[in-house]
Each structure stands twice: as C-alpha cells, then as structure tokens.
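Contents: one structure, followed by commentary.
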Amino acid sequence: MVSRRALRLAQQSPAIASAHFRAEQRPYSPDLDPGGYLNLGTAENCLLWDLLQPRLTAPRRLTAADIRYGPLYGTAVLRVAIAAFLTRTQGLPIAADDLVVVSGATAALDIAATALCDPGDAIIVPAPYYGAFDVDLTARSEARLVDAPGDRDDQFRPSGQALDRAVRQARCAGLNPRAIVLASPSNPIGHVYDPGLLRGILRIAAAHGLDVIADEIYASSVFGLDTFTPLRAVADAVLPPDKVHTVTGFAKGFGLPGLKVGVLHTTDHAVRTAARQLAYFAPVSTDTQALLRELLADHSWTDSFLTVSRARLNDSYARITGLLDRYQIGYLPASAGFSVWVDLSPWLPEAGFPGETALWRRLWDEARLNILPGIQFRCPEPGWYRVCHAIEPATVTEAVHRLARLLEDQR
Ligand SMILES: Cc1ncc(COP(=O)(O)O)c(C=O)c1O
C-alpha cells in the first residue's frame, strides 16, 4: 500500500506524457507496421540527428572531476557556458551565478513554482497553455492554476484584460495570486510575442504585485520572420527584474529532449537560494553536463547548428501547412515551435468539448493518430488540436492523409 501523497502524485501524469508512451509502444513503420500509431502528439524535433550524431559520438574530453559529485544545481563551468550562450544569442547579460541547472525544464518549472508559492496561492496562466503546466506547477507547490483565456479573434494571444480578470477571480475564490506563468514563444500555438504584448503582461504583474515565470524553452526554435524578445529585456521600466524568472533548456532548440536538462534563471536572491536547495532532488548527471559544456564551447558549431535547425523547422512547417491547405483544414499561423494549432471544429460529431473528445477518440482508435485535443491545453473553444510536425516528412504526410480520410468519413 502506498502513501496518500504517492497516490495523489501518481494520478497526475500529464496527458501529453501518457499519450506519447502509448503511441510509442506500437510505432508506425511503412514496412514493418503500417497500421502502427503515428505520433504527432509529442513536441520533439527529430530532424537533427544527422547533425548531432557526429558531435555526440565523437571522442570527448572527460576528466576525473567530471564523474565526481558536482554542485547539484549545475557545475560552475557549465553554468558559465550557458550564461555565455544566452548572453551571446539573446543580447542580455546573464550571470552564471543566477542559473540553476536541473533535470529538464519540467524540474525547473516545478522548482520555480515551489520556491514561489505556498498551498492556496494561485498562478495565473494565459490559456491555451502547455498542458503539463497543470502538473509541473502545482503537484509539489500545491498552488492552483487559474486560466486567463485568450480571445479567438486575437488567435488566443494572452491579453492584459483576461489576466486582470483571472487575478480578480482568484481573489474572489479565496486564493492568493502569486505569479503569472507563460510560455514564450508559445506552446501550443507557436506565437512569438512582441515587446508590447510582453510589457502588457508585466504591467498586470506589477499592478497586482505578482512575479512572472517565462518558459522560454522555444527561444531557439523561432523559424518565421518574428524576432524573439526575452521577457527580461522589457522588464526594466515595468517590473523589477528580480521578479522575472526564466526557464529554458536543451530539449527543444538543441533537439536533446532525452538528456533532460533544464535551466532556471533568477536574480532574486531568496528564490535562487531555495532553487539551488531544491535542485538536490533533480540534478543532471555530470557526464551530461560535460557533454553540453563541450557543445557550447564550440560557438561556430552551435550557431550553424541552430541556424540549420531553424531552417529545417521552417521547411517542416511549410510542408505540413501545405498538406493542411490541400485538404482545406484550417490552422493558426505559427512562427516558432514544433506544432500547428489546427481547427477541426467543422468536423466535431457533437457540440462542445464532448464532440472534441469524441473526434479525438476516433482519431486515436480508427486513424491511429496521436494528436492532442485543445482541452488538454485548456483551450477556451472546442475543436482545436495540436499537431506536431518536426518528424520524418513521410510520417507527417501519412498522418495528414489519415486525418483527411477520417474527416471525410466524419462528414
Ligand atoms: C513549454 C514547455 N516547457 C517545458 C517542457 C518540458 O521540457 P523538458 O523535457 O526539458 O522537461 C516542454 C516540452 O514539451 C514545453 O513545451
């Protein structure tokens, strides 16, 4: 018999993770298993292995220190390399001492929320949002998420009004609003937010005395014409910079999700001290840290890798949207990330979220297609689905064909 706490935590596995592992148990293969699952539910960039393989399999420098216990919030040398990388690519000075390196952005989010929130505190989140926030930000912190739904007419972008309303709703419900959390660039939609929108969010935080956690894990995955603005870059005049905490990691831009390396940046002394302590429970292996230290040391490799990676994402996005256009399936334009936010509302078998779930079941059972429905991202409007495309082009083509066949049948 396990404890009540273990039971509570065990029930909280995000739907994104369970769908991924179910689909991967029987993956599609044109030759070996053409009836297998097509996994377009997981935000992984699988288009980079040819670039990564030579680097990851080459002999590398490893010293005795690299296999000893290091600081559990990241070795000094890796934090210096990450600080230099972020300073170079984002044009904002970052100090290595303000970084906490842990096992994945997931752990960084958990640590940031736990360091900031007590049970009964509220975290305000523009919706739709990355579905695992539900678990990552609340399971240990025992904070509650309160949605600030975006407006369809503004392509569900975060809005100051919605955030302000959500703060007031939280207070009416007896909760203590503590922070705003947003993914920027956005997941699931793939928007890159302009400085004006980011400043609007900071203004609401300032008005209500909130901190802001910006999950910027997709910062190196911008492929459109928009330019990424780090939230910290616009904080100065609006919110004290130590109230902005940034999460990033190696899972997306670097295409290394399985290495599970995430980073929290904070200049708040107390939060950083707490985060360093909490890192004790989620450290990164010293071998992985040594590997990343070597990657980041080679600036020209890193820069050209990220440039090629963005160009491939652009091609991948053009390919999938071309297919969707061919079948007249609607979607919102994206300029970052690995997914397209697709509108299947014309095909829902019944109204509302029950219809969205029913169509999702058919996609899973009959088309053997893993894409996640909007309800998993707390989308305020039914009928939207997140379709990830940064995988083998033939698989994407097969997936869109299967989707279109099922929708035709649904009509
Ligand atoms: C916005 C966002 N944050 C965090 C994560 C998780 O990152 P990691 O695998 O480094 O824990 C993801 C992965 O999909 C994500 O999309």
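In plain terms, the chain from LEU225 to LEU56 could stretch by 57.8 nm, reckoned as 0.36 nm per residue minus the Cα-Cα distance. Taking PRO349, PRO54, PRO185 as the candidate residues, the one with maximal mean-square fluctuation in a Gaussian network model of the chain, Cα springs under 10 Å, is PRO54.
Where in the chain are the DSSP H helices whose C-alpha atoms run 30 Å or more along the long axis and whose mean Kyte hydropathy is at least -1.0?
Numbers: long enough: 299-326 (40 Å, -0.46).
In the chain, the long hydrophobic H runs are 299-326.
The mean sequence separation of alpha-carbon pairs under 8 Å and at least six residues apart, normalised by the residue count of the range 184-238, gives a relative contact order of 48 percent. Residue separation of ARG171 and GLU398 scaled by 0.36 nm, minus their Cα-Cα distance, works out to 76.9 nm of gained length.
Quick one: Kirkwood hydrodynamic radius for the range 1-123, alpha-carbon pairs, angstrom, one decimal?
Working: mean 1/r = 0.0518 Å⁻¹.
By the Kirkwood definition, the hydrodynamic radius is 19.3 Å.
Spherically averaged projected area of the convex hull of Cα atoms, the range 308-411: 6.2 nm². Let's test this: bin the Cα-Cα distances of the range 200-279 at 5 Å from zero up to the farthest pair and state each bin's percent. Distribution as computed: 3, 14, 21, 21, 18, 15, 6, 2, 0 percent.
Set the Förster distance to 51 Å, then compute FRET efficiency between GLU350 and ASP118 from the Cβ-Cβ distance, nearest 0.05. Walk me through the numbers before you get to the answer.
Numbers: r = 41 Å, r/R0 = 0.81.
So, using R0 = 51 Å, E works out to roughly 0.80.
Of the chymotrypsin sites (Phe, Trp or Tyr not before Pro) in the range 72-143, which ones lie in a loop per DSSP and count no more than 16 other C-beta atoms within 10 Å?
none
Taking every C-alpha pair closer than 8 Å and separated by at least 6 residues, the mean separation divided by the residue count of the range 277-367 gives a relative contact order of 13 percent. A simple count of charges around ALA115, restricted to other residues whose Cβ falls under 14 Å of its Cβ and scoring Lys, Arg +1 and Asp, Glu -1, yields -4.
Within the set of other residues whose C-beta is less than 9 Å from the C-beta of PHE338, count the net charge using Lys and Arg as +1 and Asp and Glu as -1. Around PHE338, the surrounding residues sum to 0.
Here the spin labels are modelled as points 7 Å beyond Cα on the Cα-Cβ line, and at ALA95 and THR307 they lie 3.4 nm apart. Report note on the peptides 378-391, 98-111: ranked by the mean count of other C-beta atoms within 10 Å, highest first, their order is 98-111, 378-391.
So what is the diffusion coefficient of the chain in µm² per second by Stokes-Einstein at 4 °C and 1.567 mPa s, using a Kirkwood Rh over Cα pairs? Each step should come with its number before you reach the end.
Working: Rh = 21.9 Å.
Translational D for this selection: 59 µm²/s.
Expressed to the nearest 5 percent, the antiparallel share of DSSP beta bridges inside the chain is 50 percent.
Contact order, relative form, for the range 255-411: 19 percent (alpha carbon pairs under 8 Å, 6 or more residues apart, mean separation divided by residue count). Residues of the range 369-393 with an amide N closer than 17 Å to a point placed 7 Å from the Cα of TYR327 along the Cα-to-Cβ direction: 369-374, 383-393.
Would you mind getting the accessible area per residue of the chain, heavy atoms of the protein chains only, 1.4 Å probe, in Å²?
On the way: 17630 Å² over 411 residues.
That works out to 43 Å² per residue.
Between SER285 and ASP164, the modelled labels are 5.1 nm apart [label points 7 Å from Cα along Cα→Cβ]. Modelled spin-label separation between LEU9 and ASP33, with each label point placed 7 Å from Cα along the Cα-to-Cβ direction: 3.1 nm. Over the chain, dividing the summed -39,500 (n - 2.57) contributions of all DSSP H runs of at least 4 residues by the number of residues returns a 222 nm mean residue ellipticity of -13000 deg cm²/dmol. Rounded to the nearest 20 debye, the dipole size of the range 1-118 about its Cα centre is 320 debye, using +1 on the Cβ of Lys and Arg and -1 on the Cβ of Asp and Glu.
Largest GNM mean-square fluctuation across PHE21, PHE156, PHE353, computed for the chain with C-alpha springs under 10 Å, falls on PHE21.
The values are calculated or read from the model by the stated rules, or taken from the named source; none is laboratory data. Nothing here was measured: the structure is a model prediction, and the numbers come from that model. Glycine gets a Cβ as well: all are built from the backbone with ideal geometry, and neighbour counts include every protein chain shown. Just so you know, the surface numbers come from the protein's heavy atoms only, side chains and all, with ligands and any DNA or RNA stripped out. Shrake-Rupley method; radii C 1.70, N 1.55, O 1.52, S 1.80 Å.
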